[in-house]
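First the structure, in the form of structure tokens, and then the observations on it.
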Amino acid sequence: MQKHVCAERDPPTCHRTILVCRELRAPDLNIEHILADGSIETNSAAEKRLMSMLHIRPDMIQNKHDCIEQAYETQASNIAYVKPSKKSYSEPRNLHDENIHDRLHE
């Protein structure tokens, strides 16, 4: 079975690759990415590029599968949204710099 997830500029930097494709991987599923220029990249090729980008390589201790998982974890941390820490009450409050939900539930 073949599955195209979406069109993306660079799969290793796309949250759908890191979150969705990681979970969809299966031996009977061929995931392919449609790149910005219209060409196709397999998910396994994207995973190899991701490991290369992050300088993660199999060795005597880590096998390829472990390295791919490490690459996914590392990239997820690199591209994940991080909620800014709450400001102290001594700082002036600006309606545009924090979420209204957070202000209502302080």
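Read the figures in this text as sums done on the coordinates, not as results from a lab. All values reported here derive from a predicted model rather than from experimental measurement. Don't worry about glycine lacking a Cβ; one is built from the backbone with ideal geometry, like all the others, and counts go over all protein chains shown.
Could you compute the net charge surrounding residue 70? Neighbours are other residues with a C-beta less than 13 Å from the C-beta of residue 70; K and R count +1, D and E count -1.
Numbers: positive: 22, 57, 64; negative: 47, 59, 66, 69, 73.
Combined, the nearby Lys, Arg, Asp and Glu give -2.
On the principal axes of its Cα set, how long, how wide and how thick is the range 2-79? Give whole Å, largest value first.
Sorted from largest, the Cα extents of the range 2-79 read 37, 28, 19 Å.
Can you figure out the FRET efficiency of residue 20 with residue 85, using R₀ = 30 Å and their beta-carbon distance, to the nearest 0.05?
Working: r = 29 Å, r/R0 = 0.96.
Efficiency, rounded to the nearest 0.05: 0.55.
Once you have the Cα-Cα distance between residue 42 and residue 78, take 0.36 nm times their residue separation minus that, and quote the gain in nm to one decimal.
Working: separation 36, 0.36 × 36 = 12.96 nm, distance 2.21 nm.
Length gained, residue 42 through residue 78: 10.8 nm.
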